[in-house]
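Shown next, in structure tokens, is the structure this report addresses.
The values are calculated or read from the model by the stated rules, or taken from the named source; none is laboratory data. Being a predicted model, the structure only gives us computed values, none of them experimental. Backbone-built Cβ (ideal geometry, glycine too); neighbour counts: all protein chains shown. Areas reflect the complete protein model, heavy atoms only, side chains present, ligands, DNA and RNA absent. Shrake-Rupley method; radii C 1.70, N 1.55, O 1.52, S 1.80 Å.
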Amino acid sequence: MIAIGPELYLWFKTLHIVGVVVWFAGLFYLVRLFIYHAETANMDPILRKMFHKQYALMEERLMNIITTPGMLVTIVMATGLLLVEPVWLTQPWMQAKISLVLFLLSYHLFCYRIMGQLKKGNCYWSGKQLRALNELPTLLLLVIVMLVVFKSSFPTGIATWLVILLIIFMALSIQLYARSRRIKEEKQLITE
Ligand code: HEM
């Protein structure tokens, strides 16, 4: 470690982790809002207009005040960590982590695109598709955290597969719950 000292490194790491938490909280909630926003398509036009305005405002504020600043803090602090400890860059786990972070950044930019489309009223993603899309950052989060915790001894044994199966099970349960709720609402509409 260069002369700046280990304490600075730990400060960078602390703020890096805080940035990650804020970034992911924003990403998860943002796509939830996209789902509710997309589902206003089935509403009565007056209600739809009101909800559309409110969701567009909430999405823009969440993106600009929480999600993007969280991303910037994560990346700036990560740069600090690498400046203090550049040797990490030569290690394969870090190269894999950076590749996944680039993928996550593309997802972040893609969310801007969906936000713009929803605002203009020309988003063709259904609530169901957006729900499935929302599983992607969960998977990235798991693998990135595993890379940084296990580093070069990334586990490929039974425990890893059990964790992955658990996440797939949770994702499928969310989709099935949303589906049964949708069917129930449709039945209610027919009987009214
Ligand atoms: C270009 C982006 C990133 C770079 C260069 C980077 C780099 C680093 C470095 C050098 C460390 C310190 C490792 C150590 O001291 O053992 C670290 C820690 C950490 N990073 Fe990142 N990171 C990035 C993005 C992310 C993202 C997106 C996440 C979450 C999904 C994340 C999660 C973590 C966690 C949880 C730690 C703490 C691990 C521990 O102390 O055991 N990082 N990161």
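So what is the calculated 222 nm ellipticity per residue for the chain, using -39500 (n - 2.57) for each DSSP H run with n of 4 or more, over all residues, to the nearest 500 deg cm²/dmol?
Value at 222 nm, helices only, nearest 500: -27500 deg cm²/dmol.
Roughly how many percent of the accessible protein surface of the chain is carbon and sulfur, given a 1.4 Å probe and a whole-percent answer?
On the chain, the fraction of accessible area on carbon and sulfur atoms equals 73 percent.
Which of the three applies to the range 61-192, rounded, prolate or oblate, going by the alpha-carbon gyration tensor with a ≥ b ≥ c and a/c under 1.5 meaning rounded?
In terms of gyration-tensor shape, oblate.
What lysines could a cross-link reach from K128, if we take a straight Cα to Cα line under 25 Å and drop same-chain neighbours fewer than 8 places away?
Hits, sequence-local ones excluded: K49, K53, K119, K120, K184, K187.
Return, for the Cα atoms of the range 28-132, the radius of gyration and Dmax in Å, separated by a comma.
Spelled out, the Cα radius of gyration and Dmax of the range 28-132 are 17.6, 59 Å.
Taking a probe of 1.4 Å, how large is the accessible area per residue of the range 6-154, in Å²?
57
Within 10 Å, count the other beta carbons around each residue, average over each peptide in 56-62, 159-165, 29-35, and list them highest first.
On the way: 56-62: 16.0, 159-165: 11.6, 29-35: 19.3.
Listed from highest to lowest mean packing, they are 29-35, 56-62, 159-165.
I need the calculated FRET efficiency for the pair T14 and F51, taking r as the beta carbon distance and R₀ as 22 Å, to the nearest 0.05.
0.05
Which of the listed residues, I98, I66, I17, is farthest toward the dipole's positive end in the chain, when Lys, Arg count +1 and Asp, Glu count -1 at the beta-carbon?
After comparing all options, I get I66.
Would you mind computing, in nm to one decimal, how far apart the modelled labels at S173 and Y124 are, each placed 7 Å from Cα along Cα→Cβ?
Computed distance between label sites S173 and Y124 equals 3.5 nm.
Could you give the length gained by full extension between R182 and N64, i.e. 0.36 nm per residue of separation minus their alpha carbon distance, to one decimal place?
Separation in residues times 0.36 nm, less the Cα-Cα distance, equals 39.4 nm.
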